[in-house]
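Each remark here refers to the structure printed beneath this line.
The values are calculated or read from the model by the stated rules, or taken from the named source; none is laboratory data. Predicted, not measured: the structure shown is a model, and the values here were computed from it. Note that each Cβ is placed from the backbone with ideal geometry, even for glycine, and that neighbours are counted across all protein chains shown.
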Amino acid sequence: MINFYVLALIYLIGSITFVLGLKMLSHPESARKGNLIAAGGMTIAIFGTIFLDKSIGNYLWIFGGIVIGSIIGTFAAKKVKMTAMPQMVSMFNGMGGACAAVISIVEYSKHDFSHGGPWAVATIMAGMLIGSVSFAGSMIAFGKLNGNIGDKVFPGQKFINLVILLTGLGIGVYLALQNFGNNTLLLIATAVALFYGVMFVMPIGGADMPVVISLLNSFTGVAAAFGGFMYNNQVMLTGGILVGSAGTILTILMCKAMNRSLFNVIAGAFGTAGGASAGAASDKGTVKEISVSDAAVLLAYSKKVFIVPGYGLAVAQAQHTCHELEKLLEEKGVEVKYAIHPVAGRMPGHMNVLLAEADVPYDKLLEMEDANGEMPNTDVSVIIGANDVVNPAARSDKSSPIYGMPIIDVDKSQNVIVMKRSMASGYAGIDNELFYYPNNRMLFGDAKASLQKLVAEVKAL
Amino acid sequence: MIYIVILSVFLGVEVISHVPSVLHTPLMSGANAIHGVVIIGAIIVMGRAEPDNYAAIVLGFFSVILGTLNVVGGFVVTDRMLEMFKKKKK
């Protein structure tokens, strides 16, 4: 009996460490400690369950699984490149979703239908359905971020997705009401949920990827919470709900940053509207190019420079070269700062992580609002591999799909240099009128190659 | 039970709404690791599997591996991200 109370206490401590951990993760100084505290709480909760819950046996299998999982997990997490971080998070998230789905399936097959009634079955169903969607969706998100899978859009997709979703839910509700073991139908429901996960993420373009990962993350949290209901386990419940609600808030914040409703993201509509206004920006004027040496002179004799990084910087792995340029310019007395758009890159904070890897000081990274305040007295904004987040159409063109999305007002600085491989449009698939502005010049080429040339030119000055 | 749910939702909202966007990726990663608590469900499935229920043993074993991947991978990745924030703060 004493075990029971000790375990309850351990679960309480575990839950508190999760709250504390999340709290501490929200401040740069305490973030790392917060992560370790939550990890510590998780560890005692796991070992507490294994040793204090008397119904637990099969120690060999359990430890075998934990050892294998730990080795693979540590290895994968340590090996992964900083730029591939979003994929990795998506992958681990999918593992959690799969875990929730699998335990629900096993519990269903062993469920005693004479106890608990429809609600008990519904709990199992919810864990299975949400976990499966989260798993399949995360795998597709992983493939997309990794570049293995493209966006797939076809007419009527919204409707078909809705039908699939309702089918999955329908079978779940039916099984719950039937309150009688039907493993075949359960597996069909699982398959439908997996299929929905695939279809749900398939059409969504890169601009929405951060939102999708955050959403799937909160899905897995909710799936874990249903597991908590199923076992009447407090630490699973609080941990899962905590992540579910925190993840949802994070998702909504991101949607707001892009001026998109969550419904549109869920219905999988992004990118389909892109074609409509693609022609709008033609014959707006001429695009001016700038040579590397001119760009170097312009930068070296400026007082204040803003660098606006985007996904292109991550793809070209140019963060170190970028930092080198920044240091060189600082030596010449130029004030260099970074303007970070909340959804630049493929995940919120993607750019921060990337630049942190290159040892760019934390206080040089400005959030969008702060950066915009300083734009009018900035001499040059350098845009490296970003596009949609600096498109003035978001402020002015009501027909644009990104209208209303807050952007970094680079067009308000004295000069703008856009480093880009070509005139191709960004992830939202729309033309950028910024390129035609009189204070804008283009520097075509791979971000890393261009930056290296710039560094060489600035050195030579 | 409902009481705990509402309290947890509230806590999650409160904690998140004060996060600067620069920390969003580590935070998402940290939250990702925390929902790895499903591993406790996996341990329960595995630990209660009868010796002759091979499906439960195999699936349980599998889910323990998946859950551990989520927990360990999640925390290690988060730590790696935050390590970099630390280094250049000096």
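Considering only residues in the range A:437-456 that are touching an Asp or Glu at 6+ places or on another chain (Cβ under 9 Å) and in a helix (DSSP H, G or I), the one that is nearest to A:Y301 (Cα to Cα) turns out to be A:V455. Is there a residue being in the same structural domain as A:N183 (by TED's automatic domain parsing), under 18 Å from A:V243 (Cβ atoms) and touching a residue at least 40 places away in the same chain (Cβ under 8 Å) anywhere in the range A:103-113? Checking the range A:103-113: at least one residue is in the same structural domain as A:N183 (by TED's automatic domain parsing), under 18 Å from A:V243 (Cβ atoms) and touching a residue at least 40 places away in the same chain (Cβ under 8 Å).
Yes or no: A:G69 more than 7 Å from chain B (Cβ to nearest Cβ) and either loosely packed, with under 14 Cβ neighbours inside 10 Å or within 22 Å of B:T78 (Cβ to Cβ) (or both)? Before you say what the answer is, go through the steps one by one.
Working: more than 7 Å from chain B (Cβ to nearest Cβ): no; either loosely packed, with under 14 Cβ neighbours inside 10 Å or within 22 Å of B:T78 (Cβ to Cβ) (or both): yes.
It is false that A:G69 is more than 7 Å from chain B (Cβ to nearest Cβ) and either loosely packed, with under 14 Cβ neighbours inside 10 Å or within 22 Å of B:T78 (Cβ to Cβ) (or both).
Specify which of the listed residues (A:S114, A:S138, A:S104) is more than 9 Å from chain B (Cβ to nearest Cβ) and crowded, with 24+ Cβ neighbours inside 10 Å.
Working: A:S114 fails: crowded, with 24+ Cβ neighbours inside 10 Å; A:S104 fails: more than 9 Å from chain B (Cβ to nearest Cβ).
Just a single option satisfies the conditions, and that option is A:S138.
With respect to the stated conditions, A:S90 is within 24 Å of B:I40 (Cβ to Cβ), hydroxyl-bearing (S, T, Y), in a helix (DSSP H, G or I) and modelled with pLDDT under 95.
Against the condition in a loop (DSSP other than H, G, I, E, B), in contact with a Ser or Thr (Cβ under 7 Å, 6 or more places away or on another chain), in the same structural domain as A:M423 (by TED's automatic domain parsing) and not hydrophobic (A, V, I, L, M, F, W, C), how does A:S399 come out, does it pass? Can you show your working first?
Details: in a loop (DSSP other than H, G, I, E, B): yes; in contact with a Ser or Thr (Cβ under 7 Å, 6 or more places away or on another chain): yes; in the same structural domain as A:M423 (by TED's automatic domain parsing): yes; not hydrophobic (A, V, I, L, M, F, W, C): yes.
Judged against the criteria, A:S399 is a match.
The single condition from (1) surrounded by 24 or more Cβ atoms within 10 Å (Cβ to Cβ); (2) free of Cβ contacts under 8 Å to residues at least 40 places away in the same chain; (3) of a type in the set (A, V, I, L, M, F, W, C) that B:I34 fails is (2).
Taken over the range A:319-340, the criterion of being hydrophobic (A, V, I, L, M, F, W, C) and assigned to a helix (DSSP H, G or I) is satisfied by A:C322, A:L325, A:L328, A:L329. Taken together, the residues in the range A:287-313 that are under 21 Å from A:A344 (Cβ atoms) and either assigned to a strand (DSSP E or B) or not assigned by TED's automatic domain parsing to the domain that holds A:N439 (or both) amount to 6. Of all residues in the range A:50-62, those that are within 9 Å of chain B (Cβ to nearest Cβ) and modelled with pLDDT of 90 or more total 4.
Return the residues of the range B:2-23 that are at pLDDT 75 or above and at the interface with chain A (Cβ under 7 Å from one of its Cβ atoms); say none if nothing qualifies. Correct list: B:I4, B:V5, B:S8, B:V9, B:L11, B:G12, B:V13, B:V15, B:I16.
In the range A:151-175, the residue that is surrounded by the most Cβ atoms within 10 Å (Cβ to Cβ) out of those that are closer than 27 Å to A:L185 by Cβ, in contact (Cβ under 8 Å) with a residue 24 or more places away in the chain and among the hydrophobic types (A, V, I, L, M, F, W, C) is A:L175. Given the condition farther than 21 Å from A:Y338 by Cβ, assigned by TED's automatic domain parsing to the domain that holds A:K288, surrounded by fewer than 21 Cβ atoms within 10 Å (Cβ to Cβ) and without any contact (Cβ under 8 Å) to a residue 40 or more places away in the chain, answer yes or no: does some residue in the range A:414-433 qualify? Yes: the range A:414-433 contains one or more residues that are farther than 21 Å from A:Y338 by Cβ, assigned by TED's automatic domain parsing to the domain that holds A:K288, surrounded by fewer than 21 Cβ atoms within 10 Å (Cβ to Cβ) and without any contact (Cβ under 8 Å) to a residue 40 or more places away in the chain.
For the range A:167-189, the criterion of a residue being touching a helix residue (DSSP H, G or I) at 6+ places or on another chain (Cβ under 6 Å), away from chain B (no Cβ under 12 Å) and closer than 21 Å to A:P86 by Cα is satisfied by no position.
Looking only at the range A:10-29, which residues are more than 7 Å from every other protein chain (Cβ to nearest Cβ) and either in contact with a Gly (Cβ under 9 Å, 6 or more places away or on another chain) or closer than 15 Å to B:F75 by Cα (or both)?
Our first condition is that a residue be more than 7 Å from every other protein chain (Cβ to nearest Cβ); within the range A:10-29, this holds for A:10-17, A:20, A:24, A:27, A:29.
If the condition is that a residue be more than 7 Å from every other protein chain (Cβ to nearest Cβ) and either in contact with a Gly (Cβ under 9 Å, 6 or more places away or on another chain) or closer than 15 Å to B:F75 by Cα (or both), then A:I10, A:Y11, A:I13, A:G14, A:S15, A:I16, A:T17, A:L20, A:M24, A:H27 are the ones that fit.
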